[in-house]
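The values are calculated or read from the model by the stated rules, or taken from the named source; none is laboratory data. Source: prediction; values computed, not measured. Every residue, glycine among them, receives a Cβ derived from its backbone with ideal geometry; neighbour counts consider all protein chains shown. Each accessible area value is taken on the protein alone, full model and side chains, heavy atoms only, with ligands, DNA and RNA left out. Shrake-Rupley method; radii C 1.70, N 1.55, O 1.52, S 1.80 Å.
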Amino acid sequence: KPSLEIVADTPFIQIHKTYIIASTNSGFVLINQQLAHERVVYDKLVIAAQTAQVPTQKSLFPVVLELSVPDAILLEDMMEDLAIIGYEIEPFGQNSFIIQGIPADVISGNEKNAIELLLEQFKHFSGDMKFSKREKLIRCMARQSAIKAGQSLSQKEMHGLIDSLFNCESPNISACGAPTYIDFKEGYLDGLFSK
């Protein structure tokens, strides 16, 4: 883990509703809020998938999902892994499924979109042979569930996100391999202003 220490008693600054600036013991960090949250969600899902199922919230009004034949085959193939990350889906006639439950973190009322987006992201990932089906699914789910660029965050939300990020095993890199933050050291900053 990087030996970075966030100075907790200084306010965080959100820039363009996309980046967060936080003071450190040796300068400051510029954090990408979406990539940071993807890392946090990814780690949480990996642990949940290894230990037990992700909590499922039962749908008050189960949603019927009608898919094309290729998407129906893909979803059928993913159902076991989807159950591990909190989805409760059952076949419902030809190329149709009924969504009985969704992960506790997914906003209720958005079930259909969430599954369709998951399928699209999964297809985008499917050429990458080095990942298992479950790993791809967890990465897609992390991307889908993360706070997006353009979302305004309160001090409390920024604190929560930064605390969670630096509790991750690899806080400096997102699940997709991009950096979650850039570290600006005091010496580097001083150099920028020297004659």
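So, in the stretch 145-165, of the ones that are hydrophobic (A, V, I, L, M, F, W, C) and at pLDDT below 95, which residue ends up nearest to the chain's Cα centre (by Cα)? Walk me through how you get there before you give the answer.
Residues of the stretch 145-165 hydrophobic (A, V, I, L, M, F, W, C): 146-147, 149, 153, 158, 161-162, 165.
Now drop any that are not at pLDDT below 95, which leaves 146-147, 149.
Values: A146: 4, I147: 8, A149: 12 Å.
Looking at the filtered set, the residue picked out is A146.
Kindly list, by first and then second residue, each pair from a residue in the stretch 54-68 that is modelled with pLDDT under 85 to a residue that is acidic (D, E) and open to solvent by less than 60 Å² (accessible area, probe 1.4 Å), limited to pairs with Cβ atoms under 7 Å and residues at least 6 apart or on different chains.
Sorted first by the residue in the stretch 54-68, then by its partner, the pairs are S59/E111.
Can we say A142 is at pLDDT 85 or above and assigned to a helix (DSSP H, G or I)? Spell out the reasoning first.
On the way: at pLDDT 85 or above: yes; assigned to a helix (DSSP H, G or I): yes.
Yes: the conditions hold for A142.
Tally time: how many residues in the stretch 180-195 are among the acidic types (D, E) and either assigned to a strand (DSSP E or B) or touching a Pro at 6+ places or on another chain (Cβ under 9 Å) (or both)? Walk me through how you get there before you give the answer.
Kept after step one, since they are among the acidic types (D, E), are these residues of the stretch 180-195: 183, 186, 190.
From what's left, either assigned to a strand (DSSP E or B) or touching a Pro at 6+ places or on another chain (Cβ under 9 Å) (or both): 183.
Of the residues in that region, 1 qualify.
With the checklist (1) out of contact with any strand residue (DSSP E or B) (no Cβ under 7 Å at 6 or more places or on another chain); (2) within 20 Å of A142 (Cα to Cα); (3) open to solvent by 30 Å² or more (accessible area, probe 1.4 Å); (4) hydroxyl-bearing (S, T, Y) in hand, flag the one item Y42 doesn't pass.
Failed condition: (3).
Only residues that are among the small types (G, A, S), at pLDDT below 95 and part of a helix (DSSP H, G or I): list them for the stretch 5-49, please.
Residues satisfying the conditions are A48, A49.
For I102, work out the one condition from (1) under 19 Å from A48 (Cα atoms); (2) modelled with pLDDT of 90 or more; (3) out of contact with any Gly (no Cβ under 6 Å at 6 or more places or on another chain); (4) open to solvent by less than 70 Å² (accessible area, probe 1.4 Å) it doesn't fulfil.
(2)
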